[in-house]
Each structure stands twice: as C-alpha cells, then as structure tokens.
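Colleague: Following this message is one structure expressed as structure tokens.
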Amino acid sequence: MNAQPEEKKKTILSAAQPSGILTIGNYLGAIRNWALLQERYDCYFCVADLHAITVRQVPADLRRRTYETLAIYIACGLDPEKNHLFVQSQVPEHAQLAWILDCYTQFGELSRMTQFKDKSQKHADNINAGLFTYPTLMAADILLYQADLVPVGQDQMQHIELTRDIATRFNNIYGPTFTVPEGFIPKTGARVMSLADPTKKMSKSDENPRAWVSILDPRDVVIKKFRSAVTDSGCEVRRGEDKPGINNLIAIYCAFTGKTPEDAEKEFEGKGYGDFKAAVGEAAADALDPIRTEYARLTADKGYLEALMKQGKEAAQRRAGRTLFKVMRKVGFAQTDGK
Ligand code: AQP
C-alpha cells in the first residue's frame, strides 16, 4: 500500500513583549495555548522587543528581560526543538515589511485601535509614532511567516482584524501574496483582569505590583497577592454583572483547575471570599511552581539561550526573507539577488 503523503502543517506566529515579567494574563491568554498547539502546527514564537520600545524602556532591563522571556517560553512548555523561538529585533525583515505595510494602512484605521487610545492616555508624555503604528508592525510579524493562526489574548483581537484587512487589501492590489490569518483565543483566561482594579486588564507593565501576578512570583507572593485581590461588596462566591472582582477570580480559578464556573460556585457555596481567594492562590501557585523551577535552571546557562536565539533567528530569516522578497518585487522595488 502506498504511504499517504504527510499533510503540510499550518503555521502559527505569536509573540509577547519583554516590557515586564510575563504575568498569568500572558500565560493563560497566550503562552499556555502556544504550548498546546505546538505539536500540530509549524510554530514561530518571538520575543517582541521592537514592540516594547513603543514605551520607554531602561536598556539594561530590556536586554535582560529578552533573555528572561525566552527562558519563560521554554519553562512554560515550548520545546525549542519543535518551535522556532527568536528575538524580533534580530530579524530585520520585521521592520522592513512594517514600513511597506504602513503605506497600505490608513491613518483612520490606526486611530481606532483601542490599545493606542489606552496607551496614549497612560503615556501622555510620550505618544510616539511607533505607538501609533504598533499594529502594522504586528501585521508584519504575522504576515512575514504566512501564519494561518495567531493565538492571542482578547486584547489583541482588534489588531488581528486589522492585519486581516491589510493582508486582504494588499492581495487585492497585487494578487495572492499573504495568507489571511485567523485569530485564536482560549475558552478560559482570554482576558485576565487586574487584581487591584478588576475593571482593567492585567498588564505586566502596571506600576502597581499588586495588580498582577507574574509567572515568576514565588509561591508565598502568589498566595499573598490573591489574598489581597480587590473583591466586590457581598460575600457569596457567585458571578454577577456588578461583581467584576469575583468574576475575575472565578475565571482565573477555572483556567488553572479546568473546572467550570458552575462547579466553582457550588464548591464554595456557604464559604466566604477569604476561603475562595486562598484556593485561587493555591491553584495558581501549584501551576506556577514547576515553571519557576525550570526557569531557574534555564537562566543559569546564558550560552544555551544565546545558541537558541541564533538558531531561531536563522530559521525565522529563511521564512521571512522569502515573503519580503516577494512583497518587494510586487511593489516595484529593483532587486538584484533572487530568493
Ligand atoms: N490580561 C490578559 N489576559 C489574557 N491575555 C493577555 N495578554 C496580555 N495581557 C493579557 C496576551 O498575552 C500576549 C502577549 O502580550 P504582549 O506582551 O504582546 O502585549 P500586551 O497585550 O500589551 O500585554 P501586557 O501584559 O498588557 O503588556 P504591556 O503591559 O507591556 O502592555 C498577547 O497574546 C496578549 O493578548
């Protein structure tokens, strides 16, 4: 019997910015899913340092966090032999394609992006052009790899929609060039809210350390942060429209334990917020303990991380270079070397 030809794997691209230590929001919304999808897809995961400088960074911190973020990816279960793990700034094709896509993106489209509006409010003294064109760089990240699927948290879905619009527009002008990607958000944990203000998204760059739980927080800190999480008036562990704090904690508890919200409500019937917060803290800490141990092992060997960066950069450039060459030819740039 003839062997069936193996079906070509579809491609995934996703990224996180080294703009702080990654949080349980980044983990539940994105990285945990990357690990679940890695067997079935050809995966490119990058450390988005070009994106990070849209907000002012201390250079030494940014460099250190770039290594940390790569180590966190692996500690969270991304196998460096099965995935292409790389640093965005080491693949210049991202910035090159971003410029071209800037010229195919409308000012009005970028003005509508809610992340731009939020971040311009937060950093009113530094509303730079990079913050404004962040979504076209993100479109370049995705389109360079001809990604079919982009697993992200809820907050990035608007940027994926814009990426789809830009890709479709370009394809309509020049003929098929880019794969039009689909966004993919998880069933639980797609939007983890701040523990200090549950009406706001949890963000790694939040200046209030009680607002987030980082993937690397020690066990006692994780438990303490959940114990001091802001909850709502009342004392029943039950979801409700006017209960953003409890809604958030139930969602986090379910994301870490795999239980349904109904199960969680039943489990804590007759118990108070104190017992529930302790249980959420324990569940999160149990999941994070092995990640932190693996992270410590990985960061002890900087040479290993650098070798991985080099390997990832080469693989990324091979794929990205092909797409960029095609795009440059289509828009009419003179080229002397073939790909
Ligand atoms: N609170 C969240 N809940 C669920 N998913 C989240 N993500 C971020 N925050 C949450 C997802 O994590 C991935 C990486 O995010 P990013 O680093 O590229 O940028 P971000 O979305 O701006 O994340 P932060 O933590 O809020 O960073 P800062 O503070 O620097 O702006 C993305 O898939 C994102 O959806």
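Every number in this text was worked out from the coordinates using simple rules, so none of it is lab data. Quick caveat, the model's predicted, so the values are computed rather than measured. FYI the Cβ positions are ideal-geometry reconstructions off the backbone, even for glycines, and counts take in every protein chain you see.
Colleague: If one takes the longest principal axis of the Cα atoms in the chain, at what angle in degrees, from 0 to 90 and to the nearest 10, does the Cα axis of helix 273-299 lie?
Modeller: Rounded to the nearest ten degrees, it is 40.
Colleague: Using Cα pairs under 8 angstrom and six or more residues apart, how large is the relative contact order of the chain, in percent?
Modeller: 22
Colleague: Here's another thing I want to ask about it. When the distances between all Cα atoms of region 100-246 are binned every 10 Å from zero, what whole-number percent does each bin get?
Modeller: Percent of pairs per bin, in order: 10, 30, 30, 20, 8, 1.
Colleague: Tell me, rounded to the nearest percent, the portion of alpha carbon pairs in the chain spaced more than 38 Å apart.
Modeller: Cα-Cα pairs in the chain separated by more than 38 Å: 19 percent.
Colleague: Here's something else I'd like to know. Counting each DSSP H run of 4 or more residues in the chain as -39500 (n - 2.57), what helix-only mean residue ellipticity at 222 nm follows after dividing by all residues, to the nearest 500 deg cm²/dmol?
Modeller: Using -39500 (n - 2.57) per qualifying helix, the result is -16000 deg cm²/dmol.
Colleague: Now for a different question. Please give the FRET efficiency for residue 104 paired with residue 10, using the beta carbon to beta carbon distance and R0 = 22 Å, rounded to the nearest 0.05.
Modeller: After rounding, the FRET efficiency stands at 0.35.
Colleague: Which length gain, in nm to one decimal place, applies between residue 118 and residue 199 when the Cα-Cα distance is subtracted from 0.36 nm times their residue separation?
Modeller: 27.8 nm
Colleague: Right, here's the next one. Out of region 23-113, which trypsin sites (Lys or Arg not before Pro) are coil in DSSP terms and have no more than 13 other C-beta atoms within 10 Å?
Modeller: Listed in order of number, the matching sites are 40, 56, 82, 112.
Colleague: Something else about it: Mind putting a number on the dipole of region 209-297 about its Cα centre? Charges go on the C-beta only, +1 for Lys and Arg and -1 for Asp and Glu, and I need it in Debye to the nearest 20.
Modeller: With only Lys, Arg, Asp and Glu charged at Cβ, the dipole is about 360 debye.
Colleague: Please work out how much length the chain gains when fully extended from residue 36 to residue 154, using 0.36 nm per residue of separation minus the C-alpha to C-alpha distance, in nm with one decimal.
Modeller: Extra length from residue 36 to residue 154 when fully extended: 40.7 nm.
Colleague: Something else about it: With a cut-off of 8 Å between alpha carbons and a minimum separation of six or more residues, what is the relative contact order of region 209-297 in percent?
Modeller: In percent, rounded to a whole number, it is 38.
Colleague: Now for a different question. If you scale each eigenvalue of the Cα gyration tensor by 5 and take the root, what three semi-axes come out for region 209-297, rounded to whole angstrom and sorted largest first?
Modeller: The answer is 24, 14, 10 Å, longest axis first.
Colleague: For region 230-332, which GluC sites (Glu not before Pro) pass both filters: DSSP loop (anything but H, G, I, E, B) and at most 13 other C-beta atoms within 10 Å?
Modeller: 241, 269
Colleague: Loop only per DSSP, at most 15 neighbouring Cβ atoms within 10 Å: give me the GluC sites (Glu not before Pro) in region 1-102, ordered by residue number.
Modeller: Taking region 1-102 and a limit of 15 other Cβ atoms within 10 Å, the loop GluC sites (Glu not before Pro) found are 6, 7, 39, 81.
Colleague: Next up: Give me Rg over Rh for region 97-152, both radii from the alpha carbons and Rh done the Kirkwood way, two decimal places.
Modeller: 1.01
Colleague: Quick one: grab the alpha carbon gyration tensor of region 242-286, order the square roots of its eigenvalues as a ≥ b ≥ c, and give me rounded if a/c is under 1.5, else prolate or oblate depending on whether a/b is larger than b/c.
Modeller: Note, shape of region 242-286 comes out rounded.
Colleague: With all pairs of different alpha carbon atoms counted, what Kirkwood hydrodynamic radius in Å does region 1-111 show?
Modeller: Value: 15.8 Å, from the Cα pair sum.
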